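Worksheet: the structure to be examined is printed underneath.
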Amino acid sequence: MPLELNDIFVTPDSSLAVDECFVYDDLSAEGEELVVSPVRVKGQVRNTGGLVELCYTAEFRYSKPCDRCLTVAGKAVRQDFVHTLALSAENEDNDDIIIVAGYTLDLFSLVRDDILLEMPFKHLCSEDCLGLCPTCGKNLNEGSCGCQKQAVDPRMAVLDELFSD
Ligand SMILES: [Zn+2]
Ligand SMILES: [Zn+2]
């Protein structure tokens, strides 16, 4: 759903409220499928002395498998974004400027790109996730397994080497 921005661009000190809820059903990051809730987008487009800016807050939840234990875990995200909008690329050095051709902004696509860029690289079900046992594959968050833990801790391996002779 494109945002019509004629009035904002031609009227100094004008603003337009943005309050949308977008549903994306095909989002993935680094080849992994992400299950993302509807994305709440709230903010405004503002013309301040000829400079047109879009500021908004995106709120959503996503879920994907934990990097350590592979259990699917959800996280809530609340992130602010600011973009400068221009009708044409006058200064091509500036990557931050969003070109709004014909006064219409494709907010749906912009929000999709923004939230994919902001996805955390590391995804853990909890900060102290214990992961899977490297020997038997048991999820150690659900209890310990019977495997011997020798040589699992690299720090201990280094100490063993130091004191071996
Ligand atoms: Zn985990
Ligand atoms: Zn084990």
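So here's what we get for this one:
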read-out	value
Options VAL52, VAL82, VAL36; residue that is touching a residue at least 60 places away in the same chain (Cβ under 8 Å) and either under 22 Å from PRO2 (Cβ atoms) or not assigned by TED's automatic domain parsing to the domain that holds PHE9 (or both)	VAL36
Residue that is surrounded by the fewest Cβ atoms within 10 Å (Cβ to Cβ), among those in the range 127-143 that are assigned to a loop (DSSP other than H, G, I, E, B) and out of contact with any Cys (no Cβ under 8 Å at 6 or more places or on another chain)	GLU127
Residue list for the range 106-165, restricted to those being over 19 Å from the mean Cα position of the chain (by Cα), aliphatic (A, V, I, L, M) and modelled with pLDDT of 85 or more	LEU130, LEU132, LEU140
Single match in ASP67, ASP80 (criterion: over 30 Å from GLU142 (Cβ atoms) and of a type in the set (D, E, K, R))	ASP80
Test: SER109 is of a type in the set (Gly, Ala, Ser) and outside any loop (DSSP other than H, G, I, E, B)	yes
Looking only at the range 46-81, and only at residues there that are under 18 Å from ARG112 (Cβ atoms) and in contact with a Leu (Cβ under 7 Å, 6 or more places away or on another chain), the one that is surrounded by the most Cβ atoms within 10 Å (Cβ to Cβ)	LEU54
Any hit, the range 92-110, residues being surrounded by 10 or more Cβ atoms within 10 Å (Cβ to Cβ) and touching a Cys at 6+ places or on another chain (Cβ under 9 Å)	no
Matching residues, the range 35-76, being within 16 Å of ligand 1 (Cβ to nearest atom) and in a loop (DSSP other than H, G, I, E, B)	CYS66, ASP67, ARG68, CYS69, LEU70, THR71
Any hit, the range 44-65, residues being of a type in the set (A, V, I, L, M, F, W, C) and within 16 Å of ligand 2 (Cβ to nearest atom)	no
Which listed residue is free of Cβ contacts under 8 Å to residues at least 12 places away in the same chain and either exposed (fewer than 13 other Cβ atoms within 10 Å of the Cβ) or not basic (Lys, Arg) (or both), from ASP7, ASP19	ASP7
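The values are calculated or read from the model by the stated rules, or taken from the named source; none is laboratory data. It should be emphasised that the depicted structure is a prediction, and the values quoted were computed from it without experimental measurement. FYI the Cβ positions are ideal-geometry reconstructions off the backbone, even for glycines, and counts take in every protein chain you see.
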